[in-house]
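Asker: Handing you a structure now.
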Amino acid sequence: MCEHHSSRRARMRAFALIQSHNGYTIKKIAAMFDVHRQAVAYWIDRWEERGLTGLFDEPREGRPLKL
């Protein structure tokens, strides 16, 4: 359950942004976190547009997962 917690995901995104700042390519960062490179590009875009709040997941519609 902890692996999908919003705080964990925000920390992961923050670390990815630090790696980007340190010169890592989007492709390399995507490989580090085993995500698609478009996801990393989206994280960077959200950071540039929204700052800190861009690191957190947006509310989703529907019933929350129980597990």
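The values are calculated or read from the model by the stated rules, or taken from the named source; none is laboratory data. Keep in mind that this is a model prediction, so the values were computed, not measured. Virtual Cβ from ideal backbone geometry, glycine too; neighbours counted across all protein chains shown.
Asker: Take the residues in the stretch 31-67 that are of a type in the set (A, V, I, L, M) and within 10 Å of the chain's Cα centre (by Cα); name whichever of them is farthest from S7 (Cα to Cα). Full working, then the answer.
Answerer: Filtering the stretch 31-67 for residues of a type in the set (A, V, I, L, M) gives 31-32, 35, 39-41, 44, 52, 55, 65, 67.
From the residues that got through so far, the ones that are within 10 Å of the chain's Cα centre (by Cα) too are 35, 39-41, 44, 55.
Working: V35: 17, A39: 17, V40: 17, A41: 20, I44: 17, L55: 9 Å.
Top of the filtered list is A41.
Asker: If you check S20 against the conditions, is it part of a helix (DSSP H, G or I) and modelled with pLDDT under 90? If you could, list the steps in order and put the result at the bottom.
Answerer: Working: part of a helix (DSSP H, G or I): yes; modelled with pLDDT under 90: no.
Here the answer is no, as S20 does not meet what is asked.
Asker: Residue by residue through the stretch 33-45, note down the ones that are free of Cβ contacts under 8 Å to residues at least 12 places away in the same chain and assigned to a helix (DSSP H, G or I).
Answerer: Initial filter on the stretch 33-45 (free of Cβ contacts under 8 Å to residues at least 12 places away in the same chain): 34-39, 42, 45.
Selection gives R37, Q38, A39, Y42, D45.
Asker: Considering each residue of the stretch 47-67, count those that are part of a helix (DSSP H, G or I) and surrounded by fewer than 11 Cβ atoms within 10 Å (Cβ to Cβ), and give that number.
Answerer: Here the count works out to 4.
Asker: Right, here's the next one. Only residues that are surrounded by fewer than 14 Cβ atoms within 10 Å (Cβ to Cβ) and in contact with a Lys or Arg (Cβ under 6 Å, 6 or more places away or on another chain): list them for the stretch 17-46, please.
Answerer: Once the filter is applied, which keeps residues that are surrounded by fewer than 14 Cβ atoms within 10 Å (Cβ to Cβ) and in contact with a Lys or Arg (Cβ under 6 Å, 6 or more places away or on another chain), the stretch 17-46 yields only K27.
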